[in-house]
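Notes for the one structure printed next.
The values are calculated or read from the model by the stated rules, or taken from the named source; none is laboratory data. Quick caveat: nothing in here was measured; it's all calculated off a predicted structure. In this analysis, Cβ positions are derived from the backbone assuming ideal geometry, glycine residues included, and neighbour counts consider all displayed protein chains. These area figures cover heavy atoms from the full protein model, side chains too; ligands, DNA and RNA do not enter into them. Shrake-Rupley method; radii C 1.70, N 1.55, O 1.52, S 1.80 Å.
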Amino acid sequence: MIIKTLIKSKSNNPVILLDEIEKLGRSYRGDPANALLEILDPSQNTSFVDHYVSLPIDLSKVMFICTANDVDELSLPLRNRLELISISGYTSEEKFDIATKNIIPEQKKQNGVADLISFKDDAVNEIIKYSTEMGVRQLERDVAKICRKVAYKGKKEEIDVKRVNDILGKRQE
């Protein structure tokens, strides 16, 4: 994929984003994290040899930006090759704004319930409490689940805290 990206960018010094590198999975084919060790090591990446195409590639001018939701999931050797910059997630207030201005209107539209459903503010705050992640993916999935439930019933409904708990189940503390 890195070679494809270099070819596509038509540059020998692009910025390449490797998203959620802690989720790279080991399999019977090997551990991709080992390849990352070689790619990210400045003393080795000038003569990186891709074993798939068996060609040496100079990656010394490439800037890699890697993201990880949980740095503890990365191997120690890999962590040692990275310059870690910790970025905090959204605050509850930011998630509330994102939910009310973007996620809820979009999910109401996608699920065909724009005229059937409304959310009380305390219900939105309750949905936010279900998400323990830094981003808003789970928040979006939970809003979508509530919208689908209302679409299935086909009746107009105002979502309150009790209804959120009924639909989403017991919240993990």
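Go through the residues of segment 103-110 one by one and say whether even a single one is open to solvent by 60 Å² or more (accessible area, probe 1.4 Å) and in a loop (DSSP other than H, G, I, E, B). Talk me through it step by step, then tell me what you get.
Within segment 103-110, the first condition is being open to solvent by 60 Å² or more (accessible area, probe 1.4 Å), and the residues that meet it are 105-106, 109-110.
Among the residues that remain, those that are also in a loop (DSSP other than H, G, I, E, B) are: none.
Checking segment 103-110: not a single residue is open to solvent by 60 Å² or more (accessible area, probe 1.4 Å) and in a loop (DSSP other than H, G, I, E, B).
What's the total number of residues in segment 143-164 that are within 30 Å of the chain's Cα centre (by Cα) and either modelled with pLDDT under 95 or part of a helix (DSSP H, G or I) (or both)?
Residues flagged as within 30 Å of the chain's Cα centre (by Cα) and either modelled with pLDDT under 95 or part of a helix (DSSP H, G or I) (or both) within segment 143-164 amount to 14.
Hey, could you check segment 30-64 for residues that are within 25 Å of the chain's Cα centre (by Cα) and open to solvent by 80 Å² or more (accessible area, probe 1.4 Å) and say which is modelled with the lowest pLDDT?
ASN34
In segment 111-138, which residues are among the polar types (S, T, N, Q), more than 18 Å from the chain's Cα centre (by Cα) and exposed (fewer than 13 other Cβ atoms within 10 Å of the Cβ)? Step through it out loud before you land on a result.
Within segment 111-138, the first condition is being among the polar types (S, T, N, Q), and the residues that meet it are 111, 118, 125, 131-132, 138.
Among the residues that remain, those that are also more than 18 Å from the chain's Cα centre (by Cα) are: 111, 118, 125.
Answer for segment 111-138, where residues must be among the polar types (S, T, N, Q), more than 18 Å from the chain's Cα centre (by Cα) and exposed (fewer than 13 other Cβ atoms within 10 Å of the Cβ): there is none.
Between a residue in segment 127-149 that is free of Cβ contacts under 8 Å to residues at least 12 places away in the same chain and any residue that is open to solvent by less than 90 Å² (accessible area, probe 1.4 Å) and part of a loop (DSSP other than H, G, I, E, B), which pairs come within a Cβ distance under 9 Å, given they are 6 or more apart or on different chains?
The qualifying pairs are ARG137/SER131; GLN138/SER131; ARG141/SER131.
So which of LYS162, LYS156, LYS145 ends up being touching a helix residue (DSSP H, G or I) at 6+ places or on another chain (Cβ under 7 Å), over 26 Å from VAL71 (Cα atoms) and open to solvent by 60 Å² or more (accessible area, probe 1.4 Å)? Talk me through it step by step, then tell me what you get.
Details: LYS162 fails: touching a helix residue (DSSP H, G or I) at 6+ places or on another chain (Cβ under 7 Å); LYS156 fails: touching a helix residue (DSSP H, G or I) at 6+ places or on another chain (Cβ under 7 Å).
Result of the check over LYS162, LYS156, LYS145: LYS145.
Please indicate, with yes or no, whether at least one residue in segment 78-89 is closer than 30 Å to LEU24 by Cα, of a type in the set (S, T, N, Q) and surrounded by 11 or more Cβ atoms within 10 Å (Cβ to Cβ).
Of all residues in segment 78-89, those closer than 30 Å to LEU24 by Cα come to 78-89.
Among the residues that remain, those that are also of a type in the set (S, T, N, Q) are: 80, 86, 88.
Of the ones still in play, those that are also surrounded by 11 or more Cβ atoms within 10 Å (Cβ to Cβ) are 80.
Checking segment 78-89: at least one residue is closer than 30 Å to LEU24 by Cα, of a type in the set (S, T, N, Q) and surrounded by 11 or more Cβ atoms within 10 Å (Cβ to Cβ).
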